[in-house]
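Here the structure is laid out as structure tokens; the discussion comes afterwards.
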Amino acid sequence: MQYGNVIMEQHQPAPSFLVQLLHSVPHINITLHRVNDTFNPNSTIYIESLGILASIPAALLIISLVFLLLYLLTRCCDRKPRKPKSHGCQKCTLIFFAVVCCAAIGLGLYGNDDLHNGVLQIFGSGRKIEQLILNVRNQTEIVKHNLKSKVVLSELEQIFEQPPHRPNVTALYLLHDTVKMAKDNTTLAINALETIVYLTRPAYTDITLKSLLDTYEFYEELRWPITLGFLTFLLLLCIILMIGATRSSRCALIFFSVCGLLAVTVCWLLSGIYLASAVALGDFCMKPNDYICSHPKLKDVQYTYCSTVGTNRYVLRLNESKVHVDRAKESLETVNGIGMELYPGIQISSKVNKINGELDDSKRQLTALSVMLDRRTVAEHYADATRSLCEGGLLGLTLMLLASLVSAAILSLLVCVDSHTWIYLTKKRPGYEDKAETTPLFPAGSNASPAAPIIASGTMTVNRTLLHAQTATSNGATGVSGGTGLGGAGATGTLIPTSGRNGTTHGMRGASGHHTLGRLPSQHAPIMGPNNGKYATLSKQCKTLESNDFY
């Protein structure tokens, strides 16, 4: 087996530059010491070195999350209003890096497709080898069954048990011995074929090529669509970010901040997995034959690929079976010659020729099996699988690694800038309907009296009703109204004196639009003015206030 490995290393292609680059990545353990970089997944030290490489992007994830936390804390304390024009640079930055992130995600999509195609080629080559082993087993079973039923269990001995027409004890003894020799050689040929069947039927503890292909094909059927869906989700996030930046949409920007934080976490974690996988695959592709041929439970691979000319167990057993078949044919020729002399009246030749034909067919099938199991034929399938894995598959995995690292870094930056942008985006101004409600009854340019009190609540001015001034004097004086009708905006703001029953003046009442509600004059005083003492309204839609409403 060691000699076979030396022969295979001579035909092993030189590793590519990408393989050498990934293999040159330092492998260190927990104590920061270099360890052996030979691919060996069964070694805990080797797995530990890959875990340390995978923890580097995880550390970058923690650093980015801490930086983002500190940045958001500073933004929460900063409530200084900003001008709308100051957000233009931030929006341009968001759009530019979103486009760059889309390019990186596109690179990841290309790498994912390239890796998937390489893995499918590996499965195709593996299925060919698996089918080859299965065909060898089935045809070997057929050849073994034909030799056992048509040669060993033939009626040739029963014919020679009859007394010969020409008595010759020596010739009869030689005839029986030759028949027995033919059957013994056929039995030995069958035993060699049973060895091949046993070798192609693995034990329960062995890892068959079929089980490996089924397992990894199931994982690939899950990995490829999940990765494709995640990268598509990242593209949609970038598109939502660009739409939110161009339209100044707070909802879109906040949605990106939340989902972008989750995307950053997943990208950094995937970067760690891709980094460890790429380095491990680079180590494997440096000397793939060493691991394949040293695996103790991959017997199908070892018997077909790892052996050299003259050491393949399958071919050795087939050659051994062919030798015994040739000896059986030689014995049958001797039996045919002696039998025709001892039994001239019996058709010995036809029966011997029939058995001889079965041996010829078995020999042709054994020769075809030897050609099928030739190492050069099997090596072509293994070379295709190795080339697909170490060239197309490794390139795709490396592109996915670069895309994941770049996307994680850019998304971290976008989350920071996006959070800085939507915090300072103000809400929309009130509509025209809101402005109409806040418009004061009297414009600022009217001649309103400074002594008239104004009742206000927030930004709304009390403008439902206007108290129409009433004037009455105890001595029959006529009153003057400060503003009548619905056109309250034209009031002059004249102060009107009011008198009680004894003629004394109680105070001054304002006749302007902004007023203080008071009582009506005494019932004995004459009521002057419009509406017969009731309060005037601003419009038909406003309620007419009675004097009882104020008591």
Self-check item: At 0.692 mPa s and 37 °C, Stokes diffusion of the stretch 110-188 via Kirkwood alpha-carbon radius, µm² per second
Solution: 192 µm²/s
Quiz item: Which ³J(HN,Hα) values, rounded to whole Hz and listed in residue order, are derived for the stretch 98-105 from phi using the Karplus coefficients 6.51, -1.76 and 1.60 in 6.51 cos²θ - 1.76 cosθ + 1.60 with θ = phi - 60°, glycine and proline given as x?
Solution: 5, 5, 5, 5, 5, 5, 5, 5
Self-check item: With every protein chain in place, the stretch 236-383: carbon and sulfur % of accessible area (1.4 Å)
Solution: 60 percent
Practice problem: Calculate the translational D of the stretch 150-252 in whole µm² s⁻¹ from Stokes-Einstein, where the hydrodynamic radius comes from the Kirkwood formula applied to all Cα pairs, the temperature is 25 °C and the viscosity 0.890 mPa s. | Solution: 114 µm²/s
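What is the sum of charges around H27, taking Lys and Arg as +1, Asp and Glu as -1, for the other residues whose C-beta is under 10 Å from the C-beta of H27?
Every neighbour counted, the sum reads -2.
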Self-check item: Virtual spin-label span in nm between N191 and V371, 7 Å along Cα→Cβ
Solution: 3.0 nm
Quiz item: How do F123, F39 stack up against each other in accessible area, from largest to smallest, with a 1.4 angstrom probe?
Solution: F39, F123
Quiz item: To the nearest 0.05, how large is the calculated FRET efficiency for D384 and L222 if R₀ is 25 Å and r is the Cβ-Cβ distance?
Solution: 0.55
Quiz prompt | Listed pairs K180/K322; K210/K287; K144/K322; K180/K354; K183/K322 exceeding 21 Å between Cα atoms | solution = K210/K287
Practice problem: With a probe of 1.4 Å, find how much accessible area the stretch 83-200 has per residue, and write the answer as a whole number in Å². | Solution: 54 Å²
Practice problem: For an R0 of 22 angstrom, estimate the FRET efficiency from the Cβ-Cβ distance between L236 and L269 and round to the nearest 0.05. | Solution: 0.65
Quiz item: Under the definition of Cα pairs under 8 Å and six or more residues apart, what whole-number percent is the relative contact order of the stretch 115-266?
Solution: 28 percent
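The values are calculated or read from the model by the stated rules, or taken from the named source; none is laboratory data. Given the structure is predicted, the values throughout are model-derived calculations rather than measurements. Note: ideal-geometry Cβ built from the backbone for every residue, glycine included; neighbour counts use all protein chains shown. In case anyone asks, the SASA skips ligands and DNA or RNA and just uses the protein heavy atoms, side chains included. Shrake-Rupley method; radii C 1.70, N 1.55, O 1.52, S 1.80 Å.
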